[in-house]
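Down below is the structure, laid out as structure tokens.
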Ligand SMILES: NC(=O)c1ccc[n+]([C@@H]2O[C@H](COP(=O)([O-])OP(=O)(O)OC[C@H]3O[C@@H](n4cnc5c(N)ncnc54)[C@H](OP(=O)(O)O)[C@@H]3O)[C@@H](O)[C@H]2O)c1
């Protein structure tokens with residue numbers, strides 16, 4: 001039997017997922033989407049050949065519901081859905097910081113819920129999606145979520161208690177690298193390079209370093225040591241990074257992101 005999957009609240013992340021799934025072989029006829037605005041629904045129909053439906057229709061028809069609205073809109077969406085979702089449907093939440101218990105308490109008893117924290121490289125099929133089971137989600141439910149999010153990058157299963165830490169590392173992670181590129185481009189300008197050239201040099205270095213980290217199997221320390229020759233240029237730069245406490249700053253920054261994720265998950269932004 002064909003499994004129907006609905007993406008509810010198809011914005012940036014929802015669309016990235018939808019297009020990844022279609023490229024990964026899902027038939028558009030098996031994909032339903034919902035949107036708040038009619039013109040957005042039509043845009044998705046034209047672009048992907050998928051069927052726009054209402055949230056209630058999606059709840060009744062689809063075997064798997066993927067909720068990708070903003071956290072502050074999740075309560076309203078669940079109010080619309082809850083009366084229509086049979087307890088055997090898999091509900092996958094892509095919203096940052098909302099615990100599975102929030103969904104379980106609003107849906108029929110026993111509804112399987114899987115929580116996924118992805119990141120913006122989903123837009124280029126290089127996402128890191130962290131997946132956790134709610135109390136009623138089975139191995140098959142987790143595997144199904146992995147299959148869906150695997151269409152836009154890598155997946156990793158973690159216990160839900162580690163989701164706040166993962167949000168700090170990979171959810172916000174791309175922003176730290178963008179910040180580094182911005183700062184290093186400024187450095188290039190200080191050193192007399194035009195901005196566009198400095199940008200290209202740093203971006204290609206970032207892509208090269210990321211590819212080596214992923215593909216070489218080497219530890220990052222080894223990779224760094226390979227470019228750190230005695231009395232050379234790199235060690236002078238590293239000394240300044242250490243003098244300015246960059247390592248300590250990164251540890252503190254990620255701890256702050258983890259704490260904020262915990263705070264948000266405790267419910268201050270979810271209605
Ligand atoms: N962007 C990121 O960096 C990122 C990374 C990881 C996870 N996430 C998570 O992914 C989720 C989506 O983020 P996003 O950046 O994709 O947001 P987004 O672009 O605003 O997408 C959400 C979409 O949901 C629609 N919507 C809101 N309420 C709805 C309802 N009741 N029924 C149907 N559609 C509804 C919105 O419509 P309108 O267009 O009318 O507002 C919007 O198109 C969030 O929960 C976020 O936590 C985001």
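The values are calculated or read from the model by the stated rules, or taken from the named source; none is laboratory data. Since this is a predicted model, take the numbers as computed values, not measurements. As a convention, Cβ positions derive from the backbone with ideal geometry for all residues, glycine included, and neighbour counts pool all protein chains shown.
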Restricting the search to the stretch 228-245, which residues are surrounded by 12 or more Cβ atoms within 10 Å (Cβ to Cβ) and not in a helix (DSSP H, G or I)?
-> 228
Considering the stretch 138-160 alone, what residues qualify as being under 19 Å from residue 5 (Cβ atoms) and touching a helix residue (DSSP H, G or I) at 6+ places or on another chain (Cβ under 8 Å)?
-> 148, 149, 151, 152, 153, 155
When you go through (1) over 19 Å from residue 262 (Cβ atoms); (2) out of contact with any helix residue (DSSP H, G or I) (no Cβ under 8 Å at 6 or more places or on another chain); (3) surrounded by 18 or more Cβ atoms within 10 Å (Cβ to Cβ) one by one for residue 127, which number turns out not to apply?
-> (2)
Given the conditions (1) within 28 Å of residue 38 (Cα to Cα); (2) touching a strand residue (DSSP E or B) at 6+ places or on another chain (Cβ under 9 Å); (3) surrounded by 17 or more Cβ atoms within 10 Å (Cβ to Cβ), and given that residue 155 satisfies all but one, which numbered condition is not satisfied?
-> (1)
Could you give me the residue pairs with C-beta distances under 6 Å whose first residue belongs to the stretch 87-114 and is at positive phi, whose second residue is modelled with pLDDT of 95 or more and part of a loop (DSSP other than H, G, I, E, B) wherever it lies, and which are 6+ apart or on separate chains?
-> 110/136
Consider residue 91 carefully, then state whether it is part of a strand (DSSP E or B), under 20 Å from residue 214 (Cβ atoms) and within 16 Å of the ligand (Cβ to nearest atom).
-> no
Look at residue 58 and say whether it is outside any strand (DSSP E or B), within 10 Å of the ligand (Cβ to nearest atom), under 25 Å from residue 25 (Cβ atoms) and touching a strand residue (DSSP E or B) at 6+ places or on another chain (Cβ under 7 Å).
-> yes
When you look at residue 192, is it modelled with pLDDT under 95 and not in a helix (DSSP H, G or I), yes or no?
-> no
Filter the stretch 1-13 for residues that are touching a residue at least 60 places away in the same chain (Cβ under 8 Å) and within 14 Å of the ligand (Cβ to nearest atom); the one that is surrounded by the most Cβ atoms within 10 Å (Cβ to Cβ) is 7
Result of the Cβ filter at 6 Å on the stretch 56-82, keeping first residues that are under 18 Å from residue 18 (Cα atoms) and partners that are more than 10 Å from the ligand (Cβ to nearest atom) and in a helix (DSSP H, G or I), at least 6 apart or interchain, is 59/84
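Matching residues to (1) surrounded by 12 or more Cβ atoms within 10 Å (Cβ to Cβ); (2) in contact with a helix residue (DSSP H, G or I) (Cβ under 6 Å, 6 or more places away or on another chain); (3) over 30 Å from residue 131 (Cα atoms):
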position	(1), (2), (3)
167	yes, yes, no
172	yes, yes, no
176	yes, no, no
180	yes, no, no
184	yes, yes, yes
194	no, no, yes
197	yes, no, yes
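Matching residues to (1) surrounded by fewer than 18 Cβ atoms within 10 Å (Cβ to Cβ); (2) modelled with pLDDT of 95 or more:
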site: 17; (1), (2): no, yes
site: 46; (1), (2): yes, yes
site: 60; (1), (2): yes, no
site: 92; (1), (2): no, yes
site: 100; (1), (2): no, yes
Would you point out the residue of the stretch 63-83, among those that are outside any strand (DSSP E or B) and more than 14 Å from the ligand (Cβ to nearest atom), that is nearest to residue 108 (Cα to Cα)?
-> 83
Expected output for the stretch 14-38 (first residue within 16 Å of residue 127 (Cα to Cα) and more than 9 Å from the ligand (Cβ to nearest atom), partner at pLDDT 95 or above and part of a strand (DSSP E or B), Cβ below 6 Å, 6+ apart or cross-chain) is 18/7
How many residues are under 15 Å from residue 88 (Cα atoms) and either near the ligand (Cβ under 10 Å from one of its atoms) or in contact (Cβ under 8 Å) with a residue 40 or more places away in the chain (or both) if we restrict to the stretch 116-144?
-> 3
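Taking the condition within 13 Å of the ligand (Cβ to nearest atom), over 25 Å from residue 130 (Cα atoms) and either without any contact (Cβ under 8 Å) to a residue 40 or more places away in the chain or part of a loop (DSSP other than H, G, I, E, B) (or both), does residue 47 pass?
no
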